[in-house]
Structure formats: C-alpha cells, structure tokens
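Reading through the structure tokens given below for one structure.
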Amino acid sequence: MKYWRGYLVALILAVISWALMQYAQAHSALLDVVYPYMTRILQTGLATWSSGVDFCVWQMVLLLFAAAVLAVAVLTVLMHWNPIQVFGWVLVPLSLVSMLSAALYGMNEQTGPIMEDLRLETVEYSVASLEEAAIYYADQAQALSGKVSRDNSGNVDFADLPTLAQQAGEGFTALTYEHKYPIFAGSTIPVKELGWSGKYTGEGVTGMTVALTGESAVNPQVPDVGMPFAICHEMSHRMSIARDSDANLAAVLACVASPYEEFQYSGYLMALRYCYNTLAAVDGGTGRAALMRVDSHLNTNMKKDLATYEAFFPKGMNPVDDATTTLMVSWHVGTVVIPRQEAQTPVEVFDPMDESDERLWDVLNPPTPTVAEATTP
C-alpha cells in the first residue's frame, strides 16, 4: 500500500480540482457575486509581491522543479528506490498546483460574461452586422494609422515593452473611473517580459498569465502593432477576466480608452482583425462582396500592419475566433449602432392642449371596464 500513497494523494487533489470546477459550473450566478472580486484582490497582492523582480517567478520555480525531478531520478537509480513509488510523489506537487489554480483563479471561467459587466447585450451577428462592425473599426484605425510612429520602411515603431507596460494601466483606469466599469479595477502593475520567447514564438503565444504568482508576461517578439493589445490582454487576465474572448474585448476597450495613439490604433486594428478574419471565412458571394467593401476602407499601412501581425503566428493556426468576433460585433451594436438609431428617432411630445392629437381622446375617455374586469379583486 505504501507504494501507492503518492498516487492516492495526487488523486484526491485532482478530484478536489474537478469538484471545484463542477461546483462553479453549477452555481455560476452565486459564484459571480463575490468570487471575481476576491480573486482580483488576491491577484493584486500577488502581483505586488512578484513585481519585486524583473524575471517571471513561475519560470524560476519551474526550472527548480525540473532540477529537483532530475535529481530524484538520479537518486532513484543510485539508491535503488522504487521508481513506481517515487513517480507517485512526483505527481503530488503537480496535482497541488492544479488544485490551487482552480481554487484561487480557475473558477473565474464559469462566472458571468463580460457583456453583463459592461451592461450590454450579446447579439448573434449576421454578415451585414459583421461587415458594419469591421468597417467601423477600419475607419477608426485608418484615422490613426498616419499618426503613430513609423520607421523609414513604413513599419510601426512603438516604444519598447517596459515603456508600453507602464502606459497600459491608464486605459484600465479610464474604464474604471470614467466609464464606471468596476470589472477593470484590478492591478495595473506593468507586465513582465516572457522568458524563453523563442519557444513561445514558435507556438504563436503572445503572452501568459500565471495566477499562483500574479504574474502577467508578454512575448517580446510580438510585432509592435500588436504589443499594446497583447499587454492589455494579459493585464485583463490578471484582473480575473479568465476567458480569452472576454480578455480580447477587455484589451480592445483598454486600448481604445488609452490616451496614447499607439494603444488606440492597436486596439482598433485588432478588433478589425477578428471581424475581418471571420468575414473572410464566410462562404459564398455574400461574404466575398462584404470583404471587398471592407478592403476599400483599408489603406496601405493598415494592410501591411495586419500582414505583419499575422506573420507572427505559425502557418495553419486558425485565425478565426468566433467567440471574440461575437463580442466585437456586440460591442459595436451596443455602443455605436443603437445610440445612433436612438439619436435619429424623433421623440413625440404629448401636448394635452392639442385637441387634434388623437391620444387626447384616450386620456379623457378611458375604456369602460367589462363586468368581469370590474368584479375581479
């Protein structure tokens, strides 16, 4: 039995992790009341602690764990330990990390969608609404494309990662205090540079957030045009916005709310990218015609910037993210289309002194209730 104790402990921890996620899924409304706020406070504290060093603490811990496993493997051979028993105890810290991640952060994946926090409705988009959203984002990006810094070759030339990381928090601060969205009231401590960037670039990883250390890090090899968006995306995760699609929308909003034109351009261009890629995947002449109309709103710089960003990802990676596209279209409908329609709709004012208004008759002569209605308590 002693050979299986490690496996038993690891199994118990794994079951606890599974139970926590099942509970979160079954009681998402109850969880949404307090859990995100608690984890946001926790992430702020951890981020403050881990910001004392420039490197990612979790990467250092991972290296130490790998070295410890290697040392245990050597000792197992030299000391003739039972490899089955040893492997069971190696699984225990992995299961413990999984359980802590689920308890301290992971259940945020089951909380309410970000659109509820923004007081907007999520809408099912059509090709027409997708095209309209794409054109809106393209027009906004086009107005900024000539204002951002560029080198002699026409490529965007933004500030370095540490400088952009320092500036990123201003967009979230504006969303929190000017737009009154408390979901963005988390830590704005600058993100770190992600180590082993060559490995992550080969996998198309733009950044990573590890909740157990409160660290958000961004791949320094991300093209400049996408760097502000990537920084805000990871910062959103640290604010307990766990789902990637929600973090994408949060990153766009933070970029757009930023006072810096580099952030604004990056945000609008990334929003356009999601809509554009989804539109490009629409089959039939309707999709092609809509895509051509969107193309007419892209200037040379924008096309070059989009191509540069797409080249960062390995070939074969699916560029379509339907969940994010839905949020981009919904935000456009809720903040641009509906307010515009309401502003264009004339408001009819009822004048009780206007005898020609037919509504005056209804006011002065209300309908007589039927016998059934009159006797109903």
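The values are calculated or read from the model by the stated rules, or taken from the named source; none is laboratory data. Note that this is a predicted model, so its numbers are computed, not measured. We place every Cβ from the backbone using ideal geometry, glycine too, and count neighbours over all the protein chains shown. Side chains are part of the model used for accessible areas, which takes the heavy atoms of the whole protein and leaves out ligands, DNA and RNA. Shrake-Rupley method; radii C 1.70, N 1.55, O 1.52, S 1.80 Å.
Computed quantities for the displayed model
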item: Among residues of the range 23-61, those that are farther than 15 Å from Q110 by Cα, open to solvent by 40 Å² or more (accessible area, probe 1.4 Å) and of a type in the set (S, T, N, Q), counted; result: 3
item: Selection count, the range 313-325, where residues are at pLDDT 90 or above and either open to solvent by less than 20 Å² (accessible area, probe 1.4 Å) or basic (K, R) (or both); result: 2
item: Search result, residues across the range 247-298 that are open to solvent by 40 Å² or more (accessible area, probe 1.4 Å), part of a loop (DSSP other than H, G, I, E, B) and polar (S, T, N, Q); result: S296
item: Answer residue from the range 208-226, given it is open to solvent by less than 10 Å² (accessible area, probe 1.4 Å) and in a helix (DSSP H, G or I) and is farthest from I41 (Cα to Cα) among those; result: V225
item: Residue match in the range 2-9 (condition: of a type in the set (D, E, K, R), open to solvent by 80 Å² or more (accessible area, probe 1.4 Å) and touching a strand residue (DSSP E or B) at 6+ places or on another chain (Cβ under 8 Å)); result: no
item: So T300, is it of a type in the set (S, T, Y) and closer than 26 Å to G171 by Cβ; result: no
item: Odd one out for A71 among (1) of a type outside the set (V, I, T); (2) on the phi < 0 side of the Ramachandran plot; (3) at pLDDT below 95; result: (3)
item: E203 being touching a residue at least 40 places away in the same chain (Cβ under 8 Å) and out of contact with any helix residue (DSSP H, G or I) (no Cβ under 8 Å at 6 or more places or on another chain); result: yes
item: Complete set of residues in the range 300-309 that are under 13 Å from L272 (Cα atoms) and either in contact with a Ser or Thr (Cβ under 6 Å, 6 or more places away or on another chain) or surrounded by 15 or more Cβ atoms within 10 Å (Cβ to Cβ) (or both); result: M302, D305, L306, Y309
item: Unique match (being free of Cβ contacts under 8 Å to residues at least 40 places away in the same chain, among the hydroxyl-bearing types (S, T, Y) and more than 24 Å from A254 (Cα to Cα)) among S126, S95; result: S126
item: Single match in K147, K180 (criterion: among the basic types (K, R), open to solvent by 20 Å² or more (accessible area, probe 1.4 Å) and free of Cβ contacts under 8 Å to residues at least 24 places away in the same chain); result: K180
item: Qualifying residue in the range 155-176 (condition: in a helix (DSSP H, G or I) and over 24 Å from the mean Cα position of the chain (by Cα)); result: no
item: Exclusive hit being closer than 24 Å to L272 by Cα and not small (G, A, S), set V210, V218; result: V218
